[in-house]
1. Being assigned to a helix (DSSP H, G or I), touching a Leu at 6+ places or on another chain (Cβ under 9 Å) and away from the ligand (no atom under 16 Å from the Cβ) narrows it down to one residue among Ile178, Ile151, Ile206; which is it?
2. Can you find, within region 92-113, the residue that is farthest from the ligand (Cβ to nearest atom) among those that are within 17 Å of Gly143 (Cα to Cα) and surrounded by fewer than 16 Cβ atoms within 10 Å (Cβ to Cβ)?
3. Quick one: how many residues across region 57-78 are surrounded by fewer than 16 Cβ atoms within 10 Å (Cβ to Cβ), touching a Phe, Trp or Tyr at 6+ places or on another chain (Cβ under 9 Å) and not in a loop (DSSP other than H, G, I, E, B)?
4. Can you name every residue in region 29-43 that is surrounded by fewer than 18 Cβ atoms within 10 Å (Cβ to Cβ) and not in a strand (DSSP E or B)?
5. Do you know which of the residues in region 154-168 that are surrounded by 10 or more Cβ atoms within 10 Å (Cβ to Cβ) and among the hydrophobic types (A, V, I, L, M, F, W, C) is farthest from the ligand (Cβ to nearest atom)?
6. Return the only residue of Pro17, Pro130, Pro55 being more than 23 Å from Leu3 (Cα to Cα) and of a type outside the set (S, T, N, Q).
7. Which of the residues that make up region 1-20 are surrounded by 15 or more Cβ atoms within 10 Å (Cβ to Cβ), closer than 17 Å to His116 by Cβ and among the aliphatic types (A, V, I, L, M)?
8. Just give me the residues in region 114-130 being more than 12 Å from the ligand (Cβ to nearest atom), in contact (Cβ under 8 Å) with a residue 12 or more places away in the chain, surrounded by fewer than 19 Cβ atoms within 10 Å (Cβ to Cβ) and not basic (Lys, Arg), in sequence order.
Amino acid sequence: MPLRFDILTLFPEMFAPILGTSIPKRAANKGLVEYCLTNIRDLSTDAHKSVDDRPFGGGPGMVMMCQTIFDAVEHAERQDPRVATRIILSPQGRVFDQALATELAGKDRLLLIAGHYEGFDERIIDGLSPMQVSIGDYVLSGGELAAMVVIDAIVRLLPGVLGADDGAADETFADGLIEYPQYTRPRDFRGMPVPEVLLSGNHKAIAAWRLEQRKVRTEQRRPDLWDAFIRKSAEEK
Ligand code: 9D3
């Protein structure tokens, strides 16, 4: 059975170009995932097709209302007997990382709720108990791009999605170090040469150089990852 993604959004048209391209498309074509979009506005019951309303107590902006979200979740969940892991994209959520991607890649059904411009009525959180997920500390216009980031990171971890030598395992974050620098032809581009060791044919020397590059770069650019790497290395001894 393919991993089923239910995506609840006010802008389903934003998803087609991303999910219909590259790895997410290939995964769907191979029958490894399916994407099921629900337009939250289709579940609105009033004459104006409302999905949001002004906040009680005042304040700026609008708030996504309970009725359409609850009905959209129930509508999507009825379409398949499997229990969905519910995820709501929110700036207040747990920050998404590779460990969470791995955890979610083990589920058989994920339901993602993306809001736009605004926040959610708190009873959506209380009543539906979704996992709340953020993709980082910056302000987006809505949860749609965040949902696509989460989907992309999960899909590429599924068995059979990547080719054998795309090697998801030894990439950045799998072992806590960022990548080594890479080069291809030509050997000299506008006076910038390829590091000599890579042309040496000495595979042990190349591996040692690459590991050193990864360490130096991680220490310089990602002190957070470097601290974790040093602590992990110390524990293993
Ligand atoms: C006034 C307070 N704002 C919260 C920081 C309101 C607000 C801003 C942006 C409410 C929602 C949004 C839209 N963002 C998302 O829905 C979102 C998001 C993000 O903005 N950054 C990182 N991850 C995510 S996941 C969903």
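1. The match here is Ile206.
2. Here the answer is Asp97.
3. Of the residues in that region, 0 qualify.
4. Asn29, Lys30, Gly31, Leu32, Arg41, Asp42
5. The qualifying residue farthest from the ligand (Cβ to nearest atom) is Leu162.
6. Pro55
7. Ile7, Leu8, Leu10, Met14, Ile18
8. Ile125, Gly127, Leu128, Ser129
Read the figures in this text as sums done on the coordinates, not as results from a lab. All values reported here derive from a predicted model rather than from experimental measurement. Using ideal geometry, Cβ is built from the backbone for each residue, glycine included, and neighbour counts are taken over all protein chains shown.
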